[in-house]
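Visitor: Below: one structure in structure tokens.
Here, each number is a calculation from the coordinates, and none is a lab measurement. Predicted model, so just to flag it, every value in this text is computed and none were measured. So basically every Cβ, Gly included, is an ideal-geometry build from the backbone, and we count neighbours across all protein chains shown.
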Amino acid sequence: MTESPENKTHFGFADIPESEKAGRVQGVFNSVASKYDVMNDVMSVGIHRVWKEAMMDWLAPRPGQKLLDVAGGTGDISFKFLKRAGHGHATVLDLTEPMLIEGRKRAEAEAMQDSLDWVVGDAMALPFDDNTFDVYTISFGIRNVTRPQDALNEAYRVLKPGGRLMVLEFSQLPNEGMQKLYDLYSFNVIPAMGQLIANDRDSYQYLVESIRKFPDQDTFLSMVRAAGFENAKYRNLSMGIACLHSGWKI
């Protein structure tokens, strides 16, 4: 009896067995963890900070809410959420422990330690009970998940009724000429800066390729709806270089 072939997924522009992707993604972020925040500033010319504030504006955190920040890395979104909420609790979950270790070193983490948990875990199999969190966020992380639909399904499961999903991710520019110019920058400048700052060209080459492989705004919106979320919609940021998707568990 022959074994059925394993499902394939993409790792950047390469097609690989699904079973290999998580390990490869861990390798990327293990490599760049210590320089991740610096490289975010370089890659986006600091604009990622504006995008994250726009995310908080739309999210409008409220006092006492419980946040699950998946692929939360060094804690950026959780820190912003807790500051906006005034008081509450944030759980930062990431597949890559070195990213969480870097986050715990930050001054904000020490100041907010009573309101923070740091958990190593998989977005496709969250180690939490149903109906646990008020808010689920994932920022620049869902394109690295082996099966993004599974991650969205898990988000729906762990949110309480009335809970909110918000996804911040790189996306596609609606104008072909502008997209070509952006691609020229992405493929020529970002890997070179990764080599210069983090001594790691390959990881940043992967990150650029992973952006191009991610579904466009409307396709991803249909995935959010397929997970069960209602009142789902999106907002483009910087003309579509990044995009916010929102949905509610009703």
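Visitor: Determine the dipole magnitude for the chain: charges of +1 sit on the beta-carbon of Lys and Arg, -1 on that of Asp and Glu, nothing else is charged, the reference point is the Cα centre, and the result goes in debye to the nearest 20.
Guide: For the chain, the charge dipole is close to 660 debye.
Visitor: Here is a follow-up. Rounded to whole Å, give me the distance from the Cα center of the range 24-54 to that of the range 111-188.
Guide: 14 Å
Visitor: Once R0 is set to 22 Å, what does the formula 1/(1 + (r/R0)^6) return for the Cβ-Cβ distance between Lys83 and Val38, expressed as a FRET efficiency to the nearest 0.05?
Guide: E between Lys83 and Val38, to the nearest 0.05, is 0.50.
Visitor: Shifting gears a bit: Just tell me which lysines come within less than 20 Å, Cα to Cα, of Lys249; anything on the same chain fewer than 8 places away is out.
Guide: In chain and number order, the partners are Lys66, Lys160, Lys233.
Visitor: For the range 193-250, what's the relative contact order in percent, using C-alpha pairs closer than 8 Å and at least 6 residues apart?
Guide: Once divided by the residue count of the range 193-250, the mean separation gives 23 percent.
Visitor: Now, a different point. So what are the ³J(HN,Hα) numbers for the range 46-53, from phi and the Karplus equation (6.51, -1.76, 1.60; θ = phi - 60°), rounded to whole Hz, Gly and Pro as x?
Guide: x, 6, 4, 5, 5, 4, 5, 5
Visitor: Still on this structure: Short version: ³J(HN,Hα) in whole Hz for each residue of the range 169-185, in order, from phi by Karplus 6.51 cos²θ - 1.76 cosθ + 1.60 (θ = phi - 60°), x for Gly and Pro, what are they?
Guide: Result, rounded to whole Hz: 8, 4, 9, 10, 6, x, 9, 4, x, 5, 4, 5, 5, 5, 4, 4, 5.
Visitor: Something else now. Which of Asn30, Asn175, Asn40 moves most in a GNM of the chain, Cα contacts under 10 Å?
Guide: Asn175
Visitor: Using only helices, what value at 222 nm comes out for the chain when you add -39,500 (n - 2.57) per DSSP H run of length 4 or more and divide by the total residues, to the nearest 500 deg cm²/dmol?
Guide: Only helices count here, giving -14500 deg cm²/dmol.
Visitor: While we're looking at this one, here's another question. Pull up the cross-link candidates among the lysines for Lys180, meaning alpha carbon to alpha carbon under 20 Å and not fewer than 8 places away within one chain.
Guide: The reachable lysines, counting only those whose Cα sits under 20 Å from Lys180, are Lys213.
Visitor: Given the options Ser139, Ser19, Ser203, which has the most mean-square fluctuation in a GNM of the chain, springs set between C-alpha atoms less than 10 angstrom apart?
Guide: Judging by the Gaussian network model, the answer is Ser19.
Visitor: What are the ³J(HN,Hα) values, in whole Hz, obtained from phi via the Karplus relation 6.51 cos²θ - 1.76 cosθ + 1.60 with θ = phi - 60°, for each residue of the range 220-234 in sequence order, with x given for Gly and Pro?
Guide: 5, 4, 5, 5, 4, 5, 5, 6, x, 6, 10, 6, 7, 7, 9
Visitor: Could you give the nm distance between label points at Ile47 and Lys213, where each point is 7 Å from its Cα heading toward the beta carbon?
Guide: 2.4 nm
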